[in-house]
Amino acid sequence: MKIVIASDHAGVSYKAILFKEIQDKGFDITDLGTRNQDIPDDYPDYAEKIAHAIINKEAERGIIICGSGVGVSVAANKFKGIRAGVCHDTYSAHQCVEHDNANVLCIGERVIGIELAREIVFAFLNATFSNEERHVRRLRKIDEIENENMK
């Protein structure tokens, strides 16, 4: 599975740690920035990079880290076809893929510890969409809403 990861200045430390661990587990991962926590930047820029990589089929899933995880989630969900969830527990991390076919995980470096972040990332990456009829039906409805409102 191809993965892209990015962060703003508030998520650089976790991104560096998680990148290496994801790579060590055999995933094909690309770092889309930023690399300097001392230069304030804007999280929507990194959400956009992740979204474009997924939309352009350069990756199947993305991980974005900022201070809270909320800003990058809001920004990423503005892109058609992106289903980004803020997950600060392992249940939400696997459930968002299994039920909602989420393709972007958002976490906050200022919210959770690195050990939990590791568990969340791998719960997200190892989950698969259920394809259960009720979940497919709900995703169709989300697609209809997206198609109607993103004109």
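What the table shows:
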item	result
Residue tally, condition under 17 Å from C106 (Cβ atoms), of a type outside the set (S, T, Y) and in a loop (DSSP other than H, G, I, E, B), over the stretch 1-45	5
Residues satisfying the stated conditions in the stretch 115-151, i.e. touching a helix residue (DSSP H, G or I) at 6+ places or on another chain (Cβ under 7 Å) and exposed (fewer than 13 other Cβ atoms within 10 Å of the Cβ)	T128
Any pair with Cβ under 6 angstrom, 6 or more apart, that starts in the stretch 91-108 at a residue that is polar (S, T, N, Q) and ends at one that is in a helix (DSSP H, G or I)	N101/L139; N103/I54
Subset of the stretch 67-82 [in contact (Cβ under 8 Å) with a residue 40 or more places away in the chain and either within 16 Å of A123 (Cβ to Cβ) or among the hydroxyl-bearing types (S, T, Y) (or both)]	S68, G69
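Condition check ((1) under 21 Å from V136 (Cα atoms); (2) not in a helix (DSSP H, G or I)) across all residues:
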site	(1), (2)
K49	no, no
A59	no, yes
I65	no, yes
S68	no, yes
V74	no, no
F79	yes, yes
G85	yes, yes
S92	yes, no
C96	yes, no
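Every number in this text was worked out from the coordinates using simple rules, so none of it is lab data. Quick caveat, the model's predicted, so the values are computed rather than measured. Methodologically, a virtual Cβ is constructed for each residue, glycine included, from the backbone with ideal geometry; neighbour enumeration extends over all protein chains shown.
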